Amino acid sequence: MAAKPVVAIIVPKGTQKDVLNAETVARINERFDARWPKAEGKIDAAETLALLKDADGCMTGWGSPCLSNEVLAQCPKIKIMAHSAGSVKPFVSDDLWKRGILVTSAAAGIAVDVAHYAIGLMVIGRKNVMEVAPQVTAGQWRERKAHRASDDLRDCTVGIVAASHVGRNVMRLLQPFEVKILLTDPFVSAEKAKEYGAEKVDVDELFQRSDIVSVHAPSLPETLHLVNAARLASMKDGATLINTSRGSLIDETALVAELHKKRIWAFLDVTDPEPPVAGSPLYGCPNLTLTPHIAGSVGRGRKRLGAMAAEELERFFAGEKPRYIVTQEMLKFIG
C-alpha cells in the first residue's frame, strides 16, 4: 500500500474552527498523513518548519505564516499550497514560484457569498428600504417624504465594475431578474461580456447609464479612486452605488460630498482605512449604509473554504488538475 502524501496544515487553530468542520478534518486525516499545529495561537517559525519539513504539500489560511524563501529552502519536497481563504499575496514569495510549487485558492467560494450579498443590496437599494423603514417606524406611512422613490429591480440597468470572481457570479445571479447588465473591464472582450449576459462599455458610460453600480475590482494602483467625483456626479438621480470589493476604489471625500446632495444611496461594506477612523465623515453621512466587511464568507460559508482547499489537495495528489489554480501572473490582478 502506497504511503499517504504528507500534508502540513499550517492554519492557526482559531482559523481552523472557522474554516474546517468535523467532516473535512476527518477527510484530511483519512486521505493524508496530516500534520496539525499544536500552538493555540500564532504558528511561530520553529513550528512552521517542523510542520513543513518533508511535507509534500500544505494547507494555508488566514493567519498562516508566509512560505518565504527561508522556509522553503528547508522544505524541498513541497509541491502544492492549497489556500483556504481568498488572496494568496501575503502568503507566497518569489522563491515559491521559482520552485514550481502549485498554488490554489478558495477565493471562488468567497465570491459566491459576496455576490449573494450584492444582489440583496440591489433589491433593498431599489426599494429604498434604508430610507423609508425608519420613517415608518417613526409613525409616517403613506405621508413619508423620501428623497428617492421606491422602485423595482426588474427592468433597471445594473453596471458591474470588473468581471472578477465576484463580478461573474453577480452577473450569473442577475440573469433571472430581467435587468440590463453593463460591464466595464479592460481585460474582457465585448464577445466575452456577451457570454456573461452583459454589454461591454467604458467606465464613464457605465456610471452614466446605470441605475445600480456594483464594484468588484481589485485594489491596485490603477484602480485607486476609480470611483471619483466626476463619475459620482454623472450617476442618475436615485441611483445606488455598492462596494463590496476594496475601500481604496472609492474617493470617499468625493462620495461624502455627493451623498450630502441626497441624490444617490451608497452601500459600503469596505472602507479605506478599515474601519474608518474616529470622526470620519462616513459616520452619520446621509444616504449611506455602512457594514463591517461582512459580504464575504463569515459564517457557514467559511466551512466551505476549508473543504475546497482539502478537495484541491485530493485532486492534486490523485494526479488530477486542481480547479482553482493561482499563477504568479494572476497576482497583478488580485487585490
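The values are calculated or read from the model by the stated rules, or taken from the named source; none is laboratory data. All of these numbers come straight from a predicted model, not from anything done at the bench. With ideal geometry, Cβ positions are generated from the backbone for all residues, glycine too; neighbour counts draw on all protein chains shown.
General observations
- Condition check for Trp62: modelled with pLDDT under 90, assigned to a loop (DSSP other than H, G, I, E, B) and of a type in the set (Phe, Trp, Tyr): no
- Every condition in (1) surrounded by fewer than 18 Cβ atoms within 10 Å (Cβ to Cβ); (2) under 22 Å from Ala163 (Cβ atoms); (3) in the same structural domain as Pro286 (by TED's automatic domain parsing) holds for Lys89 except the one numbered (3).
- Any hit, region 123-133, residues being in a loop (DSSP other than H, G, I, E, B), farther than 30 Å from Lys77 by Cβ and out of contact with any strand residue (DSSP E or B) (no Cβ under 6 Å at 6 or more places or on another chain): yes
- Residue in region 296-305 that is surrounded by fewer than 22 Cβ atoms within 10 Å (Cβ to Cβ), out of contact with any strand residue (DSSP E or B) (no Cβ under 9 Å at 6 or more places or on another chain) and assigned to a loop (DSSP other than H, G, I, E, B) present: yes
- When the test is whether a residue is over 16 Å from the mean Cα position of the chain (by Cα), of a type in the set (S, T, N, Q) and more than 18 Å from Ile124 (Cβ to Cβ), Ser280 passes it.
- Scanning region 5-32 for residues that are loosely packed, with under 14 Cβ neighbours inside 10 Å and among the acidic types (Asp, Glu) yields a count of 2.
- Condition met for Ala111 (touching a strand residue (DSSP E or B) at 6+ places or on another chain (Cβ under 6 Å), within 30 Å of Leu153 (Cα to Cα) and either surrounded by fewer than 16 Cβ atoms within 10 Å (Cβ to Cβ) or of a type outside the set (Lys, Arg) (or both)): no
- For Asp113, the stated conditions hold: it is in contact (Cβ under 8 Å) with a residue 24 or more places away in the chain, acidic (Asp, Glu) and assigned to a helix (DSSP H, G or I).
- Within region 73-103, the set of residues being within 26 Å of Asp113 (Cα to Cα) and in a helix (DSSP H, G or I) comprises Lys89, Pro90, Phe91.
- Going through (1) surrounded by fewer than 19 Cβ atoms within 10 Å (Cβ to Cβ); (2) in a helix (DSSP H, G or I); (3) in contact with a helix residue (DSSP H, G or I) (Cβ under 7 Å, 6 or more places away or on another chain) one by one, Ala39 falls short only on (2).
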